[in-house]
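The next block holds one structure in the form of structure tokens; read it before the comments.
Values in this text are rule-based calculations from the coordinates and carry no lab data. As the structure is a prediction and not an experimental result, all values here were calculated from the model. Using ideal geometry, Cβ is built from the backbone for each residue, glycine included, and neighbour counts are taken over all protein chains shown.
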Amino acid sequence: MHIPLLTIITALPTVTAILLVFLKRENERAIKYVTLLMSTVVFLASLPLFFTFQSTADMQFTEVHAWIPALGTRYHVGIDGISLFMVLLTTFLTPIVVLASWTNISRNLKGYMISLLVLETGILGVFVSLDLFLFYVFWEVMLIPMYFIIGIWGGRNRIYAAVKFFIYTFVGSLLMLVAILVLYFYHGGLTGEYTFDVLKLQETHFPLGYQTWLFLAFGLSFAIKVPMFPFHTWLPDAHVEAPTGGSVILAGVLLKMGAYGFLRFCLPFFPHAVEQFTPLILTLAVVGIIYGALVAMVQPDLKKLVAYSSVSHLGFVILGIFTLNNQGIQGGLIQMVNHGLSTGALFLLVGMIYERRHTRRIADFGGLAKQVPVFATFFMIVMLSSIGLPGLNGFVGEYLIILGAFLEQRVFAIFAATGVVWTAVYMLLMYQRVMFGKLDKEENKKLLDLSPREIGLLVPIIFFIIFIGVYPNAFLKKMEPSVNHLIEVVKSKTLASDIREPSLIIGLREE
Amino acid sequence: MFENIWLVPLFPFLGFLLNGLFGSKFSEKQAGIVGSGAVILSFLAAGAISYQLLSLPEASRAVTQTVYTWIETGAFRVDLSFTVDALSAIMLLVVSGVGTLIHIYSIGYMHGDRGFARYFAFLNLFTFSMLILVLADNFLLMFLGWEGVGLCSYLLIGFWYEDKDNAFAGRKAFVVNRVGDFGFLLGICLIFATFGTLDFDSVFASASDVLPPETATIICLLLFVGAIGKSAQIPLYVWLPDAMAGPTPVSALIHAATMVTAGVYMVARCHVLFLLSPMAMNVVAVIGLFTAFLAATIALVSTDIKKVLAYSTISQLGYMFLACGVGAFGAGIFHLYTHAFFKSLLFMSAGSVMHALQNETDMTKMGGLKSKLPVTYRVFLVGALALSGVPLFSGFFSKDAILWKSVVSPLGGFGYWVIATGIAGLTAFYTFRLIFLIFFGRSRVQKEVEKHIHESPVIMTAPLGILALFSLAGGYVGMPHFWDKFDHFLQPVFSKYIENNLFERSEQLFGLEFGFMATSTLVVLLGIGCAYMLYVVRPELPAELSQQFAGLHRFLFRKWYVDELYDATVVRPLAVVSDKVLWRWVDVKIIDGFVNKVAEWAGRLGATLRLMETGLVQNYALMVVVGAVALVGYFLLR
Amino acid sequence: MIAALFFAFAAVAVAGAILMVVHRNPVYSALFLILTLFAIAGLFVLLNAPFIAAVHVIVYAGAIMVLFLFVVLLMDLEEERVRRHRLKLAQILGIVAAAVLLVEVGVFLKAGFAGAATQGPDGSQIIGDTESIGRLLFTEYLFPFEIASVLLLSGIIGSVLLAKLKLRS
Amino acid sequence: MIIPISYYLILSGILFTIGVVGVLTRRNAIVIFMSIELMLNAVNLTLIAFSKQFNSLDGHVFVFFVMVVAAAEVAVGLALIVAIFRTKESIFVDDFNLLKW
């Protein structure tokens, strides 16, 4: 019997959210346990995806159902090696986020949990959709709960941050919508088959003039989401204001959607435009790496520091993706997972200390290692992962990316490699100022070390941080066929010289 | 035993896990036994492997064991695989052997410390990383060990993290090392881009055929940048003196005997590549020589016992690079080997002195300790004689080998020899300055400290004794012409992939070699004599001299102002630019300012348009009409 | 004859309309509107629509305008004073816009009828008498007809409700 | 002489425009209302004229429905005006700007 696994894991969170609606708002215990239980079930349900995933380039676990036949949209879901790990990362992080929100959501816990669950559905939907229309629907669905999470449960300046987040993302996604429609009509006009199916659209060759504009429209949307320099300024605000759980999801998974979009759409759809824009994007990526790190270095606020470090790390991801070779893209993918784990964990840790101390200013700490050694140890491991210490996960991604870039464009690789120095500088500086030195602030002398719940939610992350560092092949092998297939598609389309004339399309003319 | 190479690093790793996870529940004794036991087991395993290696025929003394594939994607494949040949066997024995002694010594030295188990966990992790570095069969795995030792160095320098300076020193070490690693990393990338593999064997075997000289030069220089960082050479040496903030056994193990020599090991390991690029070789030699000189001059005036030893280490590392740079890799490794013994001996006896004086490191507050610390004095003296290169001590043979090869090598020259010999004199001078200031003369120890002076416990002195023995006799395995076992043992490694006949000629020049040896010995004795004059016979003279040459003294005392230079040219500008320009200006003002301006203008537009909403129904009707007019007009005029 | 009648009715309609708009007293306005409505009813007759003409007079002139007059008288309004809000500009703009609209429509019509016949297709001119319209209403337009009654019902309910509403002042 | 349909249309346009002017310039809600009725009538005239032109009775039916709607509208509209008058003591539209912002 065929089990519609992807539909189940995508829908289950929302089903749970609907269930929660019927629980009394005051019954926080039940709400928490139900959410935790169900999100764990979703994670467990997603494990078979990994274990039964065949290492081929094909889409797997696909499901196709008619949806709106008149528009040519179908409910078409499926995963390949690229989306598999994004799905797993999402299902893995969600229970952890639920557990992390155990005590620090002071009002309307029910609404928070519902938002979280709907958000999970939206994110999973984005990663499994193979129909552009469906993809766009999920892309927008995920925006709304995130907006609420920042805007309702956020910090002092939450409205500003939430609106900024929303509008930034929305501007991008509107352009994307237009681009999607252009794709749809162009493909329809060319073949007579009006469809949003990603796999079919992928077969189409678009004329260069189109590719440029479509790439820009898609690319801007994804660049904002990633976020790439200079579209990153929503990120620090959103992170600083969002509650811990929101930050973790935001950094851990949401940002990956941008990079994922580049891989899934921009590269195979518009290879000529990619070729044309690669120097620009690589430059922005490298600027992001260095810029993010330097700005992170001088941040007085822990969360802002981590937010800017995200900019730096995601610069690496983009660099890897646009090297367009095996090592670079593989590294980029692994780095996406890594960043989800390590930055997610950093936000969790910052959240834990914030919950105790109600401040995130680095200057308010100092000498914590003595008072909270377990916390300091976890922080150290996560920080080292972020720095890219060999043997932990960060190194595998960073190295493969640098290697990939080096094989293509040495200059970019050289500048990107300086990132290893910058990251060490700002991370260690932060660690030193928070953890080392004299324990001289009275408030810090009463801090409690991590509770079993907190340790419990960190340990799984630490496990994967080490596992990926020591044996990345378990993941790389699953991704590789899809990555190779992607590269093949891009290369073969770039080589194919017959770019058809654009006259076939109605209402849209070449500039 | 060859299928069990992985056991060697495994033991320290298990020790790390045990002490790291359960250390808080261990007593000092348990933690110490776990920590030391792990290294002893590792040493035994290493010994067994090395012994077995000796039983193989010379040409095939290299065994590789692959544990599993670490990273593989596309054409890129890196295994977790270990290799043992003569070179790594020596390194293995030095690391685990000296490591064992230092672990045992630490049980006494760290007695009563709050982080006892943590200390041993870190020390074990260090040993593990260092063994990985030495055993690695490819560049990336070596890099893993390379970074691992850097991490442990960071953790151990900042071990007493409550003192801000220690934490800072640790961070400085890590960051400066990272600068070096940046080069190393790019070097690895370039190697992969050139050879398509990172395995030592494949790279070296094909190097002389496929490697163009320019690429060889770039690769070697990039790798050497890594070595410069790790082995504290100019211009990245600044972290090592500060690293003395860590516990003294750490300084002995990491910052004297093993980790800092990783750069030398790496250059020796990659000798094939370096030999293909004479220019890179020259760079290595010159940097080594200049570093040796610079560090020695600073050591002349420093008053901190550990700092003097640190600069001396930098200086000796310079010698090793000089050896590598003139192609005498064997001599470099030989010096590495003897240096590991006598320098860790010196550090640990210094630790013993500090232990007695309640962690005092300032030599101006010592003196006359000869009778109070008799054992420490004796072993210190042995170490000092070895470091100075006094004949028949181990340092003499290794230093002499370097001096001799630097003059006879086609890559070397007489100038090298002159400077290197001069540095040997300086070395002798500052080493004996140490001896005289600490153990001779009248006591300058503070009164309350003086009451508690005591010789260290056996658990500390016993390792010192063993090291002293090796410092005394360890050099005889490399006696030129008579019993040249060491060079002979290493020979297969350095001639396996590439013909290295730089020193064929020198074998015949026995008389000349003896002449040079005698000269350098004279210089050394002269240095010792000067030190005796200045610090024993006329102890008031140094102060006068330093006043007479105040500028020079200050220049040396402030360590050539290199730290200040970096601070002014790199550290500070970077912080200011990042803060004031990048963050507060580019990020907040320009990018975010632009975004907010857009939002503001949208808001203003809305506020203006809002005025149209008068609430008067006729105005709305008017708009409808105007709209209709416009619409009809559009269709008319179209 | 027909032409004369047309122009007469047209003149009366336009004059009545203008006077309705410009007269200050709403009672007069209402009366002038009734005049206009009668003229339009006459035009309907000219256009072969006797039934509509009759209904027009009965519903508009008879019912609706009486309602208007009732309300006007009920309120006993004074004449319009000077406007409280300065809407002079809007007024002028309104007139201008309306004039432009008229011109545009004229041009439009001219363009539209330039080549077209001024007369409908030949054949028997159908007459909109009671029978034919009744037939249409109860066959083809039965459903809309019924809906119209629902609309009227809701109109009645709505106005009754509004009239009975207790309003807070 | 047969009157061309365009004459009716032009007349209808004139009447409609006068109605527009009335709506836009008068402040008495009742007069505005009457102007709207005038506009409706102008449209009715058009419908009947076209009906004749195209020899169809559909236009007549349409006019019939317009009258129905107008009747309902007047009933409700006047009721509203009366209600407003009872609360505000005014039926001048420029006294009401409840829709503002």
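Observations
- Rounded to the nearest angstrom and listed largest first, the equivalent-ellipsoid semi-axes of the range B:241-383 from its Cα gyration tensor are 32, 14, 12.
- For the range D:18-101, radius of gyration divided by Kirkwood radius, i.e. Rg to Rh on alpha-carbons: 1.11
- Nearest-ten-degree value, helix B:86-109 long axis tilted from longest Cα axis of chain B: 90 degrees
- Extended-chain gain in nm, criterion 0.36 nm per residue less alpha-carbon gap, A:Leu44 and A:Arg156: 36.7 nm
- The length gained on full extension between B:Ala630 and B:Leu574, counted as 0.36 nm times the residue separation minus their Cα-Cα distance, comes to 14.2 nm.
- Taking the Kirkwood radius as Rh and the Cα radius of gyration as Rg, chain A has a ratio of Rg/Rh equal to 0.96.
- Averaged over B:189-197, number of beta-carbon atoms from partner chains that fall within 10 Å: 3
- Each Lys and Arg Cβ is given +1 and each Asp and Glu Cβ -1; about its Cα centre, the protein assembly as shown then shows a dipole of about 3920 debye.
- Placing unit charges on each Cβ (+1 for Lys and Arg, -1 for Asp and Glu) gives chain A a dipole about its Cα centre, and among A:Tyr308, A:Phe475, A:Gln409 the Cα reaching farthest toward its positive end belongs to A:Tyr308.
- Spin-label model, C:Val150 to A:Phe467: label points 7 Å out along the Cα-to-beta-carbon direction sit 6.3 nm apart.
- Placing R0 at 30 angstrom, the Cβ-Cβ distance between B:Ile591 and A:Glu275 gives a FRET efficiency of 0.60 after rounding to 0.05.
- Once you divide the Cα radius of gyration of chain B by 2.2 N^0.38 Å, the number left is 1.18.
- Dipole in debye (nearest 20) - chain B, about Cα centre, beta carbon charges: Lys, Arg +1; Asp, Glu -1: 1560 debye
- Separation between Cα centres of the range A:227-283 and the range A:137-173, rounded to whole Å: 15 Å
- In degrees, nearest ten, helix B:374-388 long axis to first principal axis of chain B (Cα): 80 degrees
- Candidate cross-link partners of D:Lys52 among the lysines, defined by an alpha-carbon separation under 18 Å and a same-chain spacing of 8 or more, are absent.
- Under 22 Å from B:Lys496, Cα to Cα: lysines that are on another chain or at least 8 residues apart: B:Lys405, B:Lys485
- Neighbour net charge for A:Met86 - beta-carbon separation under 15 angstrom, K R +1, D E -1: +2
- Projecting the Cα atoms of B:Gly551, B:Val458, B:Gly395 onto the charge dipole of chain B, computed from C-beta unit charges around the Cα centre, puts B:Gly551 farthest toward the positive end.
- Reported to the nearest whole Å, the Cα centre-to-centre distance from the range D:14-48 to the range A:339-361 is 69.
- Taken about its Cα centre, the range B:24-89 carries a charge dipole of roughly 240 debye when the Cβ of each Lys and Arg holds +1 and the Cβ of each Asp and Glu holds -1.
- Theoretical FRET efficiency, 1/(1+(r/R0)^6), r = Cβ-Cβ of A:Val287 and B:Asp113, R0 45 Å, to 0.05: 0.45
- Convex hull volume per residue, computed on the Cα atoms of the range A:421-496, equals 182 Å³.
- Considering the protein assembly as shown, its Cα convex hull presents a mean projected area of 69.0 nm².
- Cross-link reach list, lysines versus D:Lys88, counting only Cα pairs under 26 Å and skipping chain neighbours closer than eight places: C:Lys88, C:Lys164, C:Lys166, D:Lys100
- Between the listed residues D:Met67, D:Met34, D:Val82, the Cα displaced farthest toward the positive end of the dipole of the range D:27-92, a dipole computed from Cβ unit charges relative to the Cα centre, is found at D:Val82.
- Which of C:Phe7, A:Phe43, A:Phe218 has the fewest Cβ neighbours within 10 Å, and the rest in rising order: C:Phe7, A:Phe43, A:Phe218
- Couplings for the range B:47-60, taken from phi via the Karplus curve 6.51 cos²θ - 1.76 cosθ + 1.60 with θ = phi - 60°, read x, 4, 5, 5, 4, 5, 4, 5, 6, 7, x, 3, 5, 10 Hz in order; Gly and Pro are left as x.
- If a spin label sat at a point 7 angstrom from the Cα of A:Ile3 along the line to its beta carbon, the backbone N atoms of the range A:44-64 nearer than 12 Å would be those of A:44-52.
- Choice from D:Leu15, D:Leu24, D:Leu40 with maximal GNM fluctuation in chain D (Cα, 10 Å cutoff): D:Leu24
- All alpha carbon pair distances within the range B:1-137 were sorted into 10 Å bins beginning at 0; the resulting P(r) in whole percents reads 13, 39, 28, 16, 4, 0.
- Exposure proxy ranking, count of Cβ atoms within 10 Å, fewest first, for C:Glu146, A:Glu454: C:Glu146, A:Glu454
- Between the range B:545-598 and the range A:307-324, the alpha-carbon center distance in angstrom: 27 Å
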